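Engineer: Supplied in structure tokens, the structure appears directly below.
The values are calculated or read from the model by the stated rules, or taken from the named source; none is laboratory data. Remember, it's a predicted structure, so these values are computed and weren't measured experimentally. Here the Cβ is made from the backbone with ideal geometry for all residues, glycine too, and neighbour counts use every protein chain on show. Only protein heavy atoms, including side chains, enter the accessible area calculation; ligands, DNA and RNA are left aside. Shrake-Rupley method; radii C 1.70, N 1.55, O 1.52, S 1.80 Å.
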Amino acid sequence: MFDKPNKLANEVSPYLLQHSLNPVSWYPWGNEAFEVAKRENKLVVISIGYSSCHWCHIMEKESFTDEQVARLMNEKYVSIKVDREERPDIDHIYMSAVQIITRRGGWPLNCIALPDGRPVYGGTYFPKDQWLNILESMDATWKSEPERVYEVAEDLAEGIANTEIIHVKTKLTELDFTGIVMGNLQSIEPALDYGLGGTRGAPKFPMPGLLGYLMQSAQATGNLKLKSFVSTTLDNIANGGVYDHVGGGFFRYAVDSRWHTPHFEKMLYDNAQLVELYSLAYRINPSPSYLNIVFNTVDFLDRELHSPDGGFYCSLDADANGLEGGFYTWTKQELDEVLEFDSEIFCSAYGVTPSGDINGRNGLKRCASDDQLSSLFDIPPQEIQFRLQRSLKTLASIRNKRIPPLIDDKVLASWNGLLVSALAQAFITFKNPRFIGLASEIASYLETKHFVEGNLKRVFCKGKTYGNALLDDYANYIRALIMLYQATLEEKWLFKANSLAQEAIRDFWDEGKGMFYYTPGSSDLMVRKMELIDGVIPSSSSIMTGNLLFLAKHIENPLYSKIAMQVLANLAENTKNNGVFLYGWGNLMLSLALPEVSITIFEGTSNDVNDILGRVIYPNIYFELIAKKVDHKFQLCVGSSCRLPMDSAADVAQAVNGIGLHNNSSNF
């Protein structure tokens, strides 16, 4: 056992600390490592991962704790470890390199670079023998043919600089938003799995932002096939192994096409976005399952990831007690012993078999409904439901005695912003004061813990606030404040959002290109990149653009509208034709394709606003509250046309839900 700490021992990131006792002489990212590499004329290993990553643990165990590998890396390379959650800006650059080289990506991400940091080779997980061969081969080439290595570095650097970038801004003209949305939906359609939900094939990621966009698009277009797809996906995720039926919350993704077998890490960003998605879905399809998922997932987050300071931690590890999913899985024998006469019903309900489906153990996924079980066992559905709930409580009690997964105790401004937005949406839907209380607590935490000398910082961990905020920190934080304003109508949230928007424009906006960069102008990385692609989280640029559209209406700042419309003009053609990974942009185009809805509420309060919002998913609504008593409560206007006055929030919501793209003859 190697017990002399390397230079990671002074870091606070759990991922970096996990590697602090490796025999590899790791450096944290910084000038020191590159200065040593230049002085000693060595190539650099840049290894990027995160603490809850299963395959990161595997490669550490196989290679980075191995004396033979460590001896080679220490003798011939300077090695740097990076936590991708701390430094996604670094991860973006080297991920682009690996995707150019291999046409795929993932973590752990391992690159070999010149002493100045420019990558020359890379990949993801490498078994020990392959990694040794790569290290020997690259070092030999560097010593015998350095000019060849420099040529590769130059080609890769050019490729990286040309990925996910807008070089020249598009002339600002009137856009056909409806045409862009319809083209985007057509380009997405071939990727959808209408039978099982999600995108075709495996692995399957929930992609909450994509599903939210498709749900709103189905509502706006009346597309029944798309509505059915969204419902199928939501139901299969809810019933599948990616949902933790015992403790609440969601795992990161399923490794199979049926959503049955998860990859067991639990991420804050997934769970936050899925709380928001199921809260929105409940408004147009009030399924008890959706309600339970929201409440149980918030319970999980509050119980497992809520820090004493008020923010929420990043994640729970996939592994526990040396076994992937060990905390969450069961043998049939275990269940028979602890559930006794309830076991047969429970195992039938949750697909449990003697052989198991994960290393001889069983992940839980709902395979039979209460009605199906009632018919099979000749027991009333109410008793089935009672016995299953009793079994889940029993398993929760037993599971809590197991060795739990490790927590990544970093708190990120960006991901906490996602959770504030989700909780605000949940409050609007369900009117539970706990949700808005938690959202307000996180917002207060961010204001007290994530600013140093007035500057927003990305990370708070172990009492230390650090890391320059990136565009996603600003974008998700601003959206969180906007959502708090929508939920409460407290103007302090709107004013704070406006202040942060001005800072974001100052630090990230490029007038010449008409786009936001992901990193501030002070960044010293080899290339300054934009974030345009919508992945599991919508791109920071699309979120920021949506923020400006909202603020332009409420703050009446024409600059915000001008910036937002320029960005949309730059992305319009790509959005129309390029499918799944531009859904955030599609959602913005949809909000502008639909007619603007304005609702006047006489003698109104935030409760009246939420009474309407909690029944609709329409993206383009503005409210005006007038302290005046008249013969009616609500006045609904669609575009320039006003409807007859109404007295019921339910009637207003029903009218809004009937508005679609066909109602709009002009662009807004």
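Engineer: State whether one or more residues within region 513-529 are open to solvent by less than 30 Å² (accessible area, probe 1.4 Å), touching a residue at least 60 places away in the same chain (Cβ under 8 Å), in contact with a Gly (Cβ under 8 Å, 6 or more places away or on another chain) and of a type in the set (Phe, Trp, Tyr).
Structural biologist: Checked region 513-529: no residue is open to solvent by less than 30 Å² (accessible area, probe 1.4 Å), touching a residue at least 60 places away in the same chain (Cβ under 8 Å), in contact with a Gly (Cβ under 8 Å, 6 or more places away or on another chain) and of a type in the set (Phe, Trp, Tyr).
Engineer: Quick test for you: out of 324, 334, 383, pick the one residue that is over 18 Å from residue 243 (Cα atoms) and either of a type in the set (Val, Ile, Thr) or crowded, with 16+ Cβ neighbours inside 10 Å (or both).
Structural biologist: Numbers: 324 fails: over 18 Å from residue 243 (Cα atoms); 383 fails: either of a type in the set (Val, Ile, Thr) or crowded, with 16+ Cβ neighbours inside 10 Å (or both).
Answer to the selection: 334.
Engineer: Which condition breaks for residue 137 when tested against (1) crowded, with 16+ Cβ neighbours inside 10 Å; (2) at pLDDT 95 or above; (3) at negative phi?
Structural biologist: (1)
Engineer: Which condition breaks for residue 217 when tested against (1) open to solvent by less than 20 Å² (accessible area, probe 1.4 Å); (2) without any contact (Cβ under 8 Å) to a residue 60 or more places away in the chain; (3) over 30 Å from residue 390 (Cα atoms)?
Structural biologist: With respect to (1) open to solvent by less than 20 Å² (accessible area, probe 1.4 Å); (2) without any contact (Cβ under 8 Å) to a residue 60 or more places away in the chain; (3) over 30 Å from residue 390 (Cα atoms), residue 217 is out only on (2).
Engineer: Of everything in region 633-665, what is out of contact with any Leu (no Cβ under 9 Å at 6 or more places or on another chain), over 29 Å from residue 277 (Cβ atoms) and surrounded by fewer than 14 Cβ atoms within 10 Å (Cβ to Cβ)? Give them in sequence order.
Structural biologist: Listed by number, the residues that qualify are 640, 641, 647, 665.
Engineer: Separate question: Output the residue which, of all residues in region 416-444 that are of a type in the set (Ser, Thr, Tyr) and either touching a strand residue (DSSP E or B) at 6+ places or on another chain (Cβ under 8 Å) or buried (at least 23 other Cβ atoms within 10 Å of the Cβ) (or both), is nearest to residue 15 (Cα to Cα). Lay out the reasoning, then the answer.
Structural biologist: First, pick out the residues of region 416-444 that are of a type in the set (Ser, Thr, Tyr): 421, 429, 440, 444.
Filter once more, so that each one left must be either touching a strand residue (DSSP E or B) at 6+ places or on another chain (Cβ under 8 Å) or buried (at least 23 other Cβ atoms within 10 Å of the Cβ) (or both): 421, 429.
Working: 421: 27, 429: 37 Å.
Out of the qualifying residues, it is 421.
Engineer: Which residues, taken from region 467-496, are outside any helix (DSSP H, G or I), under 26 Å from residue 534 (Cα atoms) and open to solvent by 10 Å² or more (accessible area, probe 1.4 Å)?
Structural biologist: Let us first name the residues in region 467-496 that are outside any helix (DSSP H, G or I), namely 467-470, 489-490.
Restricting the remaining residues to those that are under 26 Å from residue 534 (Cα atoms) gives 467-470.
Listed by number, the residues that qualify are 467, 468.
Engineer: Let me ask something additional. Conditions first: (1) under 24 Å from residue 510 (Cβ atoms); (2) at pLDDT 95 or above; (3) over 26 Å from the mean Cα position of the chain (by Cα). Residue 170 passes all but one, so which condition is the exception?
Structural biologist: (2)
Engineer: While we're here: So, in region 67-81, of the ones that are touching a residue at least 60 places away in the same chain (Cβ under 8 Å) and not acidic (Asp, Glu), which residue ends up nearest to residue 52 (Cα to Cα)?
Structural biologist: Filtering region 67-81 for residues touching a residue at least 60 places away in the same chain (Cβ under 8 Å) gives 67-70, 72-73, 76-77, 81.
After this cut, where a residue has to be not acidic (Asp, Glu) as well, the list is 68-70, 72-73, 76-77, 81.
Numbers: 68: 26, 69: 23, 70: 23, 72: 27, 73: 24, 76: 29, 77: 26, 81: 15 Å.
Result: 81.
Engineer: Also, quick follow-up: Touching a helix residue (DSSP H, G or I) at 6+ places or on another chain (Cβ under 8 Å), farther than 24 Å from residue 653 by Cβ and open to solvent by less than 10 Å² (accessible area, probe 1.4 Å): does that describe residue 270? Even if it seems obvious, please write down each step before you answer.
Structural biologist: Numbers: touching a helix residue (DSSP H, G or I) at 6+ places or on another chain (Cβ under 8 Å): yes; farther than 24 Å from residue 653 by Cβ: yes; open to solvent by less than 10 Å² (accessible area, probe 1.4 Å): yes.
Yes: the conditions hold for residue 270.
Engineer: Name the single residue that is farthest from residue 491 (Cα to Cα) among those in region 574-588 being over 21 Å from the mean Cα position of the chain (by Cα) and in contact (Cβ under 8 Å) with a residue 60 or more places away in the chain. Steps first, please.
Structural biologist: Let us first name the residues in region 574-588 that are over 21 Å from the mean Cα position of the chain (by Cα), namely 574, 576-577.
Now restrict to residues that are in contact (Cβ under 8 Å) with a residue 60 or more places away in the chain: 576-577.
Values: 576: 36, 577: 39 Å.
Restricting to residues being over 21 Å from the mean Cα position of the chain (by Cα) and in contact (Cβ under 8 Å) with a residue 60 or more places away in the chain, the top hit is 577.
Engineer: Sort out which residues of region 121-175 are part of a loop (DSSP other than H, G, I, E, B) and either over 30 Å from residue 593 (Cα atoms) or charged (D, E, K, R) (or both), and write them in order of number. Quick ask: steps written out before the conclusion?
Structural biologist: The first filter runs over region 121-175 and keeps only residues part of a loop (DSSP other than H, G, I, E, B), leaving 124-127, 145, 162-175.
124, 125, 126, 127, 145, 162, 164, 169, 171, 174 - these are the residues of region 121-175 that are part of a loop (DSSP other than H, G, I, E, B) and either over 30 Å from residue 593 (Cα atoms) or charged (D, E, K, R) (or both).
Engineer: List the pairs whose first member sits in region 451-467 and is among the small types (Gly, Ala, Ser), whose second member is modelled with pLDDT of 95 or more and outside any loop (DSSP other than H, G, I, E, B), and whose Cβ atoms are under 8 Å apart, counting only residues at least 6 apart or on separate chains?
Structural biologist: That search, which allows pairs on different chains as well, returns 467/457; 467/458; 467/459.
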